[in-house]
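Right, one structure below, let's go through it.
The values are calculated or read from the model by the stated rules, or taken from the named source; none is laboratory data. What you are looking at is a predicted structure, and each value in this text was computed from that prediction instead of being measured. Positions of Cβ are generated from backbone atoms using ideal geometry, with glycine treated the same way; all protein chains shown enter the neighbour counts.
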Amino acid sequence: MFRLSGKIAWASLTRRGARSILVVLMISVSLWGLLFMEGISDGMIEQMVSNAIRSDSGHLSLFAEGYHLDPDLSRQVTDVEAIDDFLENDKRVLSYVKRIKQDGLVATAHYSRGTKIYGIEPEEEKQHGGLDGYLFRGKFDFGPLQRGAIIGFKLADKLQVRIGSKIILSAQDRYMEVSSVSLKVTGILKTNNMAIDENAVFVASKKARQLLAVDKDVSQIAVILHDEGQAPRLQSDLQQKFPNLEILRWDELYPALLQSRMMMENFNLITSLLIFCIAALGIFGVMLVSVLERLREFGIMMAIGTRFRQIGNIILVESFFLGFFGFGLGALIGGGTLYYFKIYGLDLSIFSDAFNEFGMDAVTHAIIRPSYFFTALAAVIMATFLSVLIPLWLLRKAKPIETISKI
Amino acid sequence: MLLRLALRNITAHKKSSSITALLIAIMTVLLVFSSAWMDGSHNTMIQNSVEIYPGYIQITGKEFRNNPSYDHLIFDAATIELELAENNDIAWFGPRFESFVLFAGEDKAVGGMLTGIDPEKEEHLSRLSASLEKGEYLGAGDTNQIYIGYELSRRLKLDVGNEVAFIGSGADYSFAADKFKIKGIFQTGLFDFDASTAFVAKDYFDQIMAAENYATHFIVLPKQPGQAEELAVTIASSIGPEYQVASWNQVMAGLVKAMKLDSVFGYITLGIIFIVIFFVIMIYSFLAVFARIREIGILRAIGTTPKQVLTLLLLESSLLAFISVLIGGVIGGAVAYYFHFHPIVFAGMEEQFKQYGLAVSAMPTAFMPLVILRDMAVIFVLSVLSTLYPILKINRFRPVEAIHHV
């Protein structure tokens, strides 16, 4: 039965070939546009989030209580060994690093600037967030004597320093005394995390401890998980075990990123809805005309014993054919476009100044999620189904059998 | 004759005409409003960022912008002041001396920017005095009184009346240190700015930093901010080649470009929507034209030339497009006009704006008739183009075929 409806539907579609192709093209173009928009904007946001996670916050960050609001050497994580023990034995944890942080002043012979000093273990950071992947100039290494410093590219710009330049780092140590150390710039980082690029000076953990007169305590423990979804659970588990720590997820540390992500999602949703309403209008017009111009044909079919339901089936199948071909073609070119941009990236380097301003990567790698295609398919089916409702209703009202006798 | 026929044809097919008209009008409203919104929000953001502190025009030593060290200061501020005072297009101007220092409170030290300003002139040049949060703004005769950013005061754990010390280097690279009393606290809303800057009266600043008659830059407020660029050129020629004069779109090139980028993304999204609408209009005109295939066949059979049919159909689609674009343009323009005077307020988005260094949450749209006309023209051309394929296709039928077409 369905084969017959299918055959008839196919025949009517091919009889109006140009029209059918136009509709299929329209659906596929709208799908292509949607997929492209979704994939690129998701790619952009995820890159920003991943930059923040890799370069700073991890999925979770552990601080001493009150540190986040008032970063101070008096507020440090002290029971490091117990935390080490917990994190090493927790299967959800992929990796974690310990950092010591303090605000300070970085100066060259001509110029000085406020800065955030990060004491890190370079090998651990490489394993953890791949911080070396952000290297812009120089080496990700503090040299044999640990007298090197790796600094953010915007800070380097403002200080007018290059690889090999001497800088002087001053900060208050644990006893409130200002102490200084002279270092050589060995590397410049471009993470596109503005907090890092504008302020950070990374030094060897050992050097930082000397400078700040801190023995074993750490300021931040950044944790990356196997699966981001487990972050809230691990957060509460850790909180229970270590009640006097402040444990924050990346989205609590970078609320603006979360907001951008939500704004982008809303924006995409509105645009998608708009596009689908317009596309549905297109399908509707075609289905309406195709039903009305075949009133006689349907009348004759009903006169020789076809039921209204069967005719309804034919019309539905027709619109589904249009929808499926449109979806297939759209998914193919849309998916292909996204795949291309996933591999090669969308390069908007002409706007690199702007991206630097916003803290975004100039090259965006698209993301492809199966959910894009499922929601698009659902939307296409909805659109095709809704667009035949009114034509079907009109058809029933028109009483096709009676139209045979009219000329 | 053709015109009357076209009009009659449009009114005869009310349904398909009105759907096409509706689509074209929606498209016009969308485009007109989006451009007004994008231009308006970008202008607001730029204007805000410019007026809070950086100013419309900055005069610096020639090399200072590329290499902001004490070697490239303005070493003769008095002469520049004389030059600027003679220019009638300048509303206000004033010198600043910026230096990076380490501030220290009771038990906390924070790096930041200490700037010497002329308090009275600065009142007109930036929004510093208007951003007063607590205490008082600086006065002309103030000595060791400091006007400090809210976040900075919080980081130092200090309040109005407390003392803050600083260590830095003077203009002659000598060691400079002093103690200030906090006179006032300001909050511009730009987190980074509020977390790192403090101001003192320049006369006193000059004494402690050995910066008499020196400045890192001058800020100029033009009488007509729209002509900042031209004014910058005039000033540059009057003060000579040792100095560089930059208008805001050079000083804030990153922000200006960022706004352009935002527009590009906006237009890409609109473009995608328009491609879909383009197809829908094409489909509708395809349907409309084919519904009249017999009529057209008969017209041809009684001697109308293909060219006349083409003109007639084109005239119909242009007329319809023109009317719809007009309606859309008026509605879109009205919406843009309304939101120009009743800015859209974004509550709860301050966090994100702050991250981008923007201290605004109310955005007016830009009501610019020329831009609206441009948008209307774009849509008009687009919608006429979209009817071209069906019209050309139907004109290829032979009259007999057309009459018998089912």
Test result for A:Gly39, within 14 Å of chain B (Cβ to nearest Cβ) and assigned to a strand (DSSP E or B): no
Candidates B:Thr44, B:Thr20, B:Thr11 - the one that is surrounded by fewer than 21 Cβ atoms within 10 Å (Cβ to Cβ), among the hydroxyl-bearing types (Ser, Thr, Tyr) and more than 30 Å from B:Ala362 (Cβ to Cβ): B:Thr11
Where a residue in segment A:261-285 is assigned by TED's automatic domain parsing to the domain that holds A:Ala378 and its partner, wherever it lies, is outside any helix (DSSP H, G or I) and surrounded by fewer than 21 Cβ atoms within 10 Å (Cβ to Cβ), with Cβ under 9 Å and at least six apart: A:Met263/B:Met349
Kindly establish whether B:Leu299 is at pLDDT 85 or above and more than 14 Å from every other protein chain (Cβ to nearest Cβ). no
Residues of segment B:179-195 being touching a strand residue (DSSP E or B) at 6+ places or on another chain (Cβ under 7 Å) and β-branched (Val, Ile, Thr), which ones? B:Ile182, B:Ile185
Exactly one of these conditions fails for B:Ile219: (1) within 14 Å of chain A (Cβ to nearest Cβ); (2) surrounded by 15 or more Cβ atoms within 10 Å (Cβ to Cβ); (3) not charged (D, E, K, R). Give me its number. (1)
Picking from B:Phe100, B:Phe75, B:Phe33, the residue that is within 14 Å of another protein chain (Cβ to nearest Cβ) and within 28 Å of A:His110 (Cα to Cα) would be B:Phe100
So is B:Val160 of a type in the set (A, V, I, L, M), surrounded by fewer than 21 Cβ atoms within 10 Å (Cβ to Cβ) and touching a strand residue (DSSP E or B) at 6+ places or on another chain (Cβ under 6 Å) or not? yes
Looking at segment B:124-189, what strands (runs of 3 or more DSSP E) fall wholly within it and have at least 3 residues that are more than 23 Å from A:Asp70 (Cβ to Cβ)? B:175-186
Looking at (1) in a helix (DSSP H, G or I); (2) without any contact (Cβ under 8 Å) to a residue 40 or more places away in the chain, which one does B:Asn66 not meet, given that it meets all the others? (1)
Across segment A:275-329, what is the total count of residues that are surrounded by fewer than 18 Cβ atoms within 10 Å (Cβ to Cβ), within 11 Å of chain B (Cβ to nearest Cβ) and under 34 Å from the mean Cα position of the chain (by Cα)? 1
Only one of (1) assigned to a helix (DSSP H, G or I); (2) modelled with pLDDT of 85 or more; (3) of a type outside the set (Asp, Glu) fails for B:Ser49. Which number is that? (2)
Looking at segment A:160-168, is at least one residue among the polar types (S, T, N, Q), on the phi > 0 side of the Ramachandran plot and within 14 Å of chain B (Cβ to nearest Cβ)? yes
Of the residues in segment B:263-282, those that are touching a residue at least 60 places away in the same chain (Cβ under 8 Å), under 24 Å from A:Glu265 (Cβ atoms) and within 7 Å of chain A (Cβ to nearest Cβ) number 2
Which one is farthest from the other protein chains (Cβ to nearest Cβ) among residues in segment A:1-36 that are among the small types (Gly, Ala, Ser) and within 19 Å of A:Phe374 (Cβ to Cβ)? A:Ser28
Output yes when any residue across segment A:23-35 is in the same structural domain as A:Met382 (by TED's automatic domain parsing), out of contact with any Cys (no Cβ under 7 Å at 6 or more places or on another chain) and surrounded by fewer than 21 Cβ atoms within 10 Å (Cβ to Cβ), and no when none is. yes
Top-ranked residue in segment A:271-300 [being charged (D, E, K, R) and either in a helix (DSSP H, G or I) or modelled with pLDDT of 85 or more (or both); ranked as farthest from A:Leu25 (Cα to Cα)]: A:Arg296
